Amino acid sequence: MTDSTRSIEELEEVRRRTLREIARLREQLQAEIEPASADDDDMADVAADIYERGKTISLISSLEDKLHSIEHAIAVATSGQYGVCEVCGQPIPAERLQIMPETTLCVQCASKLEQGIRRHRIMTADRINARRISEAETEDTEGDDGEEEY
Ligand SMILES: [Zn+2]
């Protein structure tokens with residue numbers, strides 16, 4: 001009982017820190033827009049700015065993903081299930097929770113899920129490619145077969 005209360009407090013702290021970090025990066029993003037739109041005629045500088053901004057944006061989006069996980073973990077902790085794997089029901093080792101307090105899965109289930117997501121992404125990409133190829137093939141009903149180049 002006291003254990004899960006402490007976990008919720010720790011998770012809330014991680015959540016606050018993540019929110020602060022997102023806010024800081026958003027401010028940084030705002031500040032970065034200014035000099036680039038000024039009379040900066042150096043294309044390399046502009047390109048570097050765009051690159052930096054892209055990195056900041058992807059950092060923000062990964063922090064937002066983390067925030068969702070933390071909020072989910074808080075909900076799990078509130079129901080008294082924190083520290084138990086949501087898939088297999090086995091306890092999650094304390095060391096893992098220390099490194100990733102937002103996790104609600106054990107290492108085995110997390111890696112299985114990760115592999116599943118990766119496979120799903122590859123399959124989706126394959127399907128899109130296959131559709132593109134078949135569309136390209138059906139578009140070209142006349143003409144020589146085997147002519148791949150445009
Ligand atoms: Zn598990």
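Readers should treat all values here as calculations from the given coordinates under stated rules, not as data from a laboratory. From a predicted model like this one, the values you see are computed outputs, not experimental measurements. Note: ideal-geometry Cβ built from the backbone for every residue, glycine included; neighbour counts use all protein chains shown.
Tell me, yes or no, whether segment 106-119 has at least one residue that is touching a helix residue (DSSP H, G or I) at 6+ places or on another chain (Cβ under 7 Å) and part of a loop (DSSP other than H, G, I, E, B). Within segment 106-119 (the criterion being touching a helix residue (DSSP H, G or I) at 6+ places or on another chain (Cβ under 7 Å) and part of a loop (DSSP other than H, G, I, E, B)), the answer is no, since none of the residues qualifies.
Of the residues examined, SER111 is one that is within 12 Å of the ligand (Cβ to nearest atom), small (Gly, Ala, Ser) and surrounded by fewer than 13 Cβ atoms within 10 Å (Cβ to Cβ).
Close contacts from segment 84-100, counting a first residue that is more than 17 Å from LYS112 (Cα to Cα) and a second that is more than 11 Å from the ligand (Cβ to nearest atom), with Cβ to Cβ under 7 Å and a gap of 6+ residues or different chains, come to LEU97/GLY83.
Sub-7 Å Cβ pairs linking a first residue in segment 103-122 that is within 21 Å of GLN90 (Cβ to Cβ) and of a type in the set (Ser, Thr, Tyr) to a second residue that is assigned to a helix (DSSP H, G or I) and near the ligand (Cβ under 8 Å from one of its atoms), at least 6 apart or interchain, are THR103/ALA110, ordered by first then second residue. Within the bounds of segment 90-105, is there any residue that is aliphatic (A, V, I, L, M), within 15 Å of the ligand (Cβ to nearest atom) and touching a helix residue (DSSP H, G or I) at 6+ places or on another chain (Cβ under 7 Å)? Looking for residues that are aliphatic (A, V, I, L, M), within 15 Å of the ligand (Cβ to nearest atom) and touching a helix residue (DSSP H, G or I) at 6+ places or on another chain (Cβ under 7 Å), one finds at least one in segment 90-105, hence yes. Can you find a residue in segment 76-99 that is more than 27 Å from ARG6 (Cα to Cα), β-branched (Val, Ile, Thr) and out of contact with any His (no Cβ under 6 Å at 6 or more places or on another chain)? So far as segment 76-99 goes, no, none of its residues is more than 27 Å from ARG6 (Cα to Cα), β-branched (Val, Ile, Thr) and out of contact with any His (no Cβ under 6 Å at 6 or more places or on another chain). Considering (1) closer than 16 Å to GLU10 by Cβ; (2) surrounded by 10 or more Cβ atoms within 10 Å (Cβ to Cβ), the lone condition that CYS88 does not fulfil carries the number (1).
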